[in-house]
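For reference, the structure discussed in these notes is given below.
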Amino acid sequence: MSLTFFKMDEFTCGCGCGRNEIDPGFVAILDKIRMTYYDRPLIVTSGYRCPEWDEKVGGKGNHPTGSAADLLVSKGMNMYDFMQACFAMGIPRVVVYRGKPHVHVDMVADKPKGVFVL
């Protein structure tokens with residue numbers, strides 16, 4: 001798979017175990033969002049998480065599926081535009097955390113779809 005902006009190793013589990021079971025199709029969608037809609041850097045703060053790491057950091061099970069990521073959105077960019085780009089490219093869920101600089105995006109089918117502010 002050819003990516004323009006992301007490298008697959010950016011999505012490796014952050015605990016140091018070396019596992020990376022991120023869905024390449026999901027990463028390709030993020031890459032296309034970056035290329036097509038959002039001409040600013042998107043920094044991966046968390047991609048795939050092994051179940052043990054996800055539990056330790058208080059996750060709710062989306063990252064271990066390989067279809068979720070936390071991204072740092074560039075300062076000065078319109079968050080609404082970013083969310084619209086996600087929806088246009090088929091990412092059904094965007095979670096914005098109050099007081100945190102990143103957003104969560106995922107393709108998890110059995111979770112509510114839309115924008116959520118936590």
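The values are calculated or read from the model by the stated rules, or taken from the named source; none is laboratory data. Since the model is a prediction, treat every value here as computed from it, not as a measurement. Note that we place each Cβ from the backbone using ideal geometry, even for glycine, and neighbour counts take in every protein chain shown.
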Revision key, fill the gap. Sole miss for residue 59 among (1) under 15 Å from the mean Cα position of the chain (by Cα); (2) more than 20 Å from residue 10 (Cβ to Cβ); (3) part of a loop (DSSP other than H, G, I, E, B); (4) not basic (Lys, Arg) is condition (2)
Exercise for review: Please tell me if residue 82 is outside any loop (DSSP other than H, G, I, E, B), surrounded by 19 or more Cβ atoms within 10 Å (Cβ to Cβ) and modelled with pLDDT under 90.
Suggested key: yes
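Over 15 Å from residue 8 (Cα atoms), buried (at least 17 other Cβ atoms within 10 Å of the Cβ), at pLDDT below 95 and among the hydroxyl-bearing types (Ser, Thr, Tyr): does that describe residue 97? Before you say what the answer is, go through the steps one by one.
Details: over 15 Å from residue 8 (Cα atoms): yes; buried (at least 17 other Cβ atoms within 10 Å of the Cβ): no; at pLDDT below 95: yes; among the hydroxyl-bearing types (Ser, Thr, Tyr): yes.
So residue 97 does not fit the description; no.
Confirm whether residue 117 is of a type in the set (A, V, I, L, M) and closer than 17 Å to residue 30 by Cβ.
In short, no.
I'm trying to understand the selection: among the residues of region 8-37, which are in contact with a Gly (Cβ under 6 Å, 6 or more places away or on another chain) and in a loop (DSSP other than H, G, I, E, B)?
Quick first cut of region 8-37, residues in contact with a Gly (Cβ under 6 Å, 6 or more places away or on another chain) only: 11, 21-23.
Of everything in region 8-37, those that are in contact with a Gly (Cβ under 6 Å, 6 or more places away or on another chain) and in a loop (DSSP other than H, G, I, E, B) turn out to be 21, 22, 23.
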Point to revise | Restricting region 54-73 to residues that are hydrophobic (A, V, I, L, M, F, W, C) and crowded, with 20+ Cβ neighbours inside 10 Å, the residue that is nearest to residue 109 (Cα to Cα) | key: 68
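Quick one: which of 3, 42 is at pLDDT below 95, under 11 Å from the mean Cα position of the chain (by Cα) and closer than 26 Å to residue 75 by Cβ?
None of the other options fit; the residue is 42.
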Practice item. Kindly establish whether residue 48 is among the aromatic types (Phe, Trp, Tyr) and in a helix (DSSP H, G or I). Key: no
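Does region 66-74 include one or more residues that are part of a helix (DSSP H, G or I) and on the phi < 0 side of the Ramachandran plot?
Checked against the condition, which is being part of a helix (DSSP H, G or I) and on the phi < 0 side of the Ramachandran plot, region 66-74 yields no hits at all.
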